[in-house]
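Structure, as structure tokens:
The values are calculated or read from the model by the stated rules, or taken from the named source; none is laboratory data. This structure is a prediction, so every number in the text was calculated from the model and none was measured. As a convention, Cβ positions derive from the backbone with ideal geometry for all residues, glycine included, and neighbour counts pool all protein chains shown. Only protein heavy atoms, including side chains, enter the accessible area calculation; ligands, DNA and RNA are left aside. Shrake-Rupley method; radii C 1.70, N 1.55, O 1.52, S 1.80 Å.
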Amino acid sequence: MVSVENLSVEFSARPLFDGVSFVINPKDRIALVGKNGAGKSTLLKILAGMQQPTAGIVAVAKGTTIGYLPQVMVLSDERTVIEETETAFAHIHEMQQQLQRMNDELSTCEDYESAEYMELVERFSHETERYNMMGGMNYRAEMERTLQGLGFSRNDWDRPTKEFSGGWRMRIELAKLLLCRPDVLLLDEPTNHLDIESIRWLENFLSRSAGAVVLVSHDRAFINNVTQRTLEISCGKITDYKVKYDDFVRLREERREQQLRAYENQQKEIADIKDFIERFRYKPTKAVQVQSRIKQLEKIVPIEVDEVDNSFLHLKFPPCSRSGDYPVICEDVRKDYGQHCVFKNVNLTIERGEKVAFVGKNGEGKSTLVKCIMNEIEHAGHLKLGHNIEIGYYAQNQAQMLDGECTVFDTIDHVAKGEVRLKIRDILGAFMFGGEASDKKVKVLSGGERSRLAMIKLLLEPVNFLILDEPTNHLDMRTKDVLKEAIRAFDGTVIVVSHDRDFLDGLVTKVYEFGGGQVREFIGGIYEFLQKKDIDTLEELQLEELLSQPEAGGDATLFQKYAAIQQQIAEAEQAWMEAEEELAELQS
């Protein structure tokens, strides 16, 4: 569908990549990977036709549609959620109007035997069939399912989009893009603003989608579950691995080992040739051999070794003082905003040294309970913090509290103690502040850069109770590994609010799920929790929430009716996907 040939891109005469060639086939699921600044987002923009390469060709097959979700976009404020989402079906409305005009012509035509009438009937029949194949009869239901899958409730649909945060408005744009069902879907960090349930729903949607998908993501679990092919940008080139990400990591290491061996052999060969030239350069009897060696040296093509940063940093939190046995005890804690109850009857006890996760859909109270623990907001019930608690708190707004006039280096130098001060440059490099970036003033940093800097600052402060609210949003995979290892080795207590399953895996031993005004405790890791919940689709989660409501009372009849409806929906969706696949095969 899309062919890339000899693509080259330069910025300020600096080559980003050169001579890149690959093909995107129907139903490909591709992860585009590489270190920050390698050109992943740039390549997506070129594929989307939003940026021109310095050289090379991007050939798109006739009739192929491309959909692109950037990391940042300007969003409309003029419509409600449902009205904005419905703009994805503008083509459906145009077809409706066209069919209505044709129907009006048929109703006014009196010569039923004429060639014009028969041609109109045939055209009307063909367009009606195409309209049905494109989902014209059930697009409203599909739109509602997509919005629900991305976390919107029915109460949200008639709310103006301007009432929602940037993250929720990005979900609206993602919904519109998915509903357009382009042949090639380009996604740049699509999970940044999604919770675990919505990410799992998106994984399921993309796995069933008939089109091709190319995505950039730092969510290892997400790309492993969605993709089956990995394109790596390294050394300005692209290497194509026909495997999912975890297998790619293994193959890349094997490939690099082979490159290193070949490089070492080549360096030895070059050294031997140079040594021969130097030894016999001035001996007339060896002149022919020397000239031969010089020509041989000129013909050698240097072997490149893929860029891999082996300076993996092992960070450790400073030694912390011992806290009380129970850093947090909640007894019948409740929080209301006006008439809205965020949660009630929260009873939990976190023991010293435990590492726990707060999970659930956005807006269900995870950050609210954190603010209650931090004593930033009032609440009902009893919430007690243990003896000698020293809290280190990380949230997105922490980044705004940094001194804008300080440099990146000075910000960290002010909190670093002892031997750590000798490693400041290494620490900054691990969090993508290498080289000249460490000398930037904080006030010129982007939001993501400030968040990373706030995270480093927290890592160096002596605390015994960490509260991390979405700590991985602006970190690449390698940096997340650095942070995860540091938290795992931390001997204090940790609360992590996160939707990143891979980050939580092997880190937490207890999960608190927020939903429906309740906070439920689960003993075990994140994948054990998800397996027990069996939330493969958002519909199953909604079923559980419905049955937990007092008015539902766990009524068996209600359960059976709802389950039957869900089964019908699943069967209809499956039939729809099969029809789409058949149509795609016929068109290919």
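Can ARG425 be described as open to solvent by 10 Å² or more (accessible area, probe 1.4 Å) and closer than 17 Å to PHE317 by Cβ?
Spelling it out, it is not the case that ARG425 is open to solvent by 10 Å² or more (accessible area, probe 1.4 Å) and closer than 17 Å to PHE317 by Cβ.
To keep it simple, each residue is scored yes or no on (1) in a loop (DSSP other than H, G, I, E, B); (2) at pLDDT 90 or above; (3) more than 18 Å from PHE222 (Cβ to Cβ); (4) over 17 Å from the mean Cα position of the chain (by Cα).
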site	(1), (2), (3), (4)
LEU32	no, yes, no, no
LYS35	yes, no, yes, no
PRO53	yes, no, yes, yes
THR64	yes, no, yes, yes
VAL72	yes, no, yes, no
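For segment 488-501, check the following and say yes or no: at least one residue is open to solvent by 10 Å² or more (accessible area, probe 1.4 Å), on the phi < 0 side of the Ramachandran plot, modelled with pLDDT under 85 and of a type in the set (A, V, I, L, M).
No, every residue in segment 488-501 fails to be open to solvent by 10 Å² or more (accessible area, probe 1.4 Å), on the phi < 0 side of the Ramachandran plot, modelled with pLDDT under 85 and of a type in the set (A, V, I, L, M).
For residues in segment 331-366 being surrounded by fewer than 17 Cβ atoms within 10 Å (Cβ to Cβ) and of a type in the set (S, T, N, Q), which is farthest from TYR527 (Cα to Cα)?
This residue is GLN339.
Tally the residues that are open to solvent by less than 10 Å² (accessible area, probe 1.4 Å) and not small (Gly, Ala, Ser), restricting the search to segment 29-45.
4
Going by what's in this entry, would GLU378 be described as in a loop (DSSP other than H, G, I, E, B) and open to solvent by 40 Å² or more (accessible area, probe 1.4 Å)?
On the way: in a loop (DSSP other than H, G, I, E, B): yes; open to solvent by 40 Å² or more (accessible area, probe 1.4 Å): yes.
Answer is yes for this residue.
Is it true that some residue in segment 313-334 is over 27 Å from HIS193 (Cα atoms), hydroxyl-bearing (Ser, Thr, Tyr) and assigned to a strand (DSSP E or B)? Explain how you work it out, then say what you get.
Taking segment 313-334 as the starting set, the residues that turn out to be over 27 Å from HIS193 (Cα atoms) are 313-333.
Add one more test, that the residue is hydroxyl-bearing (Ser, Thr, Tyr), and what stays is 321, 323, 326.
Of the ones still in play, those that are also assigned to a strand (DSSP E or B) are none.
No, the conditions are met nowhere in segment 313-334.
Cβ-Cβ below 9 Å, separation at least six or inter-chain, first residue in segment 512-529 and without any contact (Cβ under 8 Å) to a residue 24 or more places away in the chain, second part of a strand (DSSP E or B) and open to solvent by 30 Å² or more (accessible area, probe 1.4 Å): which pairs?
Filtered contacts from segment 512-529: GLU528/PHE522.
State whether one or more residues within segment 375-392 are polar (S, T, N, Q) and under 27 Å from GLY517 (Cα atoms). Talk me through it step by step, then tell me what you get.
In the first step, residues of segment 375-392 are kept if they are polar (S, T, N, Q); the result is 375, 388.
Now restrict to residues that are under 27 Å from GLY517 (Cα atoms): 375.
There is at least one residue in segment 375-392 that is polar (S, T, N, Q) and under 27 Å from GLY517 (Cα atoms).
Does segment 394-414 hold any residues that are open to solvent by 20 Å² or more (accessible area, probe 1.4 Å), within 22 Å of ILE487 (Cβ to Cβ) and either modelled with pLDDT of 90 or more or part of a loop (DSSP other than H, G, I, E, B) (or both), and which are they?
Once the filter is applied, which keeps residues that are open to solvent by 20 Å² or more (accessible area, probe 1.4 Å), within 22 Å of ILE487 (Cβ to Cβ) and either modelled with pLDDT of 90 or more or part of a loop (DSSP other than H, G, I, E, B) (or both), segment 394-414 yields only LEU402.
Looking at segment 430-448, which of its residues are at pLDDT 80 or above, closer than 20 Å to ASN36 by Cβ and part of a helix (DSSP H, G or I)?
GLU436, ALA437, SER438, ASP439, VAL442, VAL444
Which of the residues belonging to segment 465-480 are in contact with a Phe, Trp or Tyr (Cβ under 7 Å, 6 or more places away or on another chain) and assigned to a helix (DSSP H, G or I)? Step through it out loud before you land on a result.
Narrowing segment 465-480 to residues in contact with a Phe, Trp or Tyr (Cβ under 7 Å, 6 or more places away or on another chain): 466-469, 471-472, 479-480.
THR479, LYS480, listed by residue number.
Which ones in segment 117-175 are at pLDDT 80 or above and assigned to a loop (DSSP other than H, G, I, E, B)? Before the answer, list the steps.
Initial filter on segment 117-175 (at pLDDT 80 or above): 141-164, 168-175.
Passing the criteria: LEU150, GLY151, PHE152, SER153, TRP157, ASP158, ARG159, PHE164.
Would you please list the contacts, defined by Cβ atoms under 6 Å and residues six or more apart or on different chains, that run from a residue in segment 478-500 that is farther than 11 Å from LEU459 by Cβ to a residue that is acidic (Asp, Glu) and outside any loop (DSSP other than H, G, I, E, B)?
Pairs found: VAL497/ASP469.
So, LYS244, is that one closer than 21 Å to SER21 by Cα and touching a helix residue (DSSP H, G or I) at 6+ places or on another chain (Cβ under 6 Å) or not?
On the way: closer than 21 Å to SER21 by Cα: yes; touching a helix residue (DSSP H, G or I) at 6+ places or on another chain (Cβ under 6 Å): yes.
Yes: the conditions hold for LYS244.
Looking at segment 359-371 only, could you name the residues that are touching a strand residue (DSSP E or B) at 6+ places or on another chain (Cβ under 7 Å) and within 15 Å of PHE465 (Cα to Cα)?
Result: VAL370, single match.
Of all residues in segment 263-294 being of a type in the set (A, V, I, L, M, F, W, C) and in contact (Cβ under 8 Å) with a residue 24 or more places away in the chain, which is surrounded by the most Cβ atoms within 10 Å (Cβ to Cβ)? If you could, list the steps in order and put the result at the bottom.
Here is the first cut: in segment 263-294, the residues of a type in the set (A, V, I, L, M, F, W, C) are 270-271, 273, 276-277, 280, 287-288, 290, 294.
Subset that is in contact (Cβ under 8 Å) with a residue 24 or more places away in the chain: 270, 273.
Details: ILE270: 14, ILE273: 16.
Step by step, filter segment 263-294, then rank; the result is ILE273.
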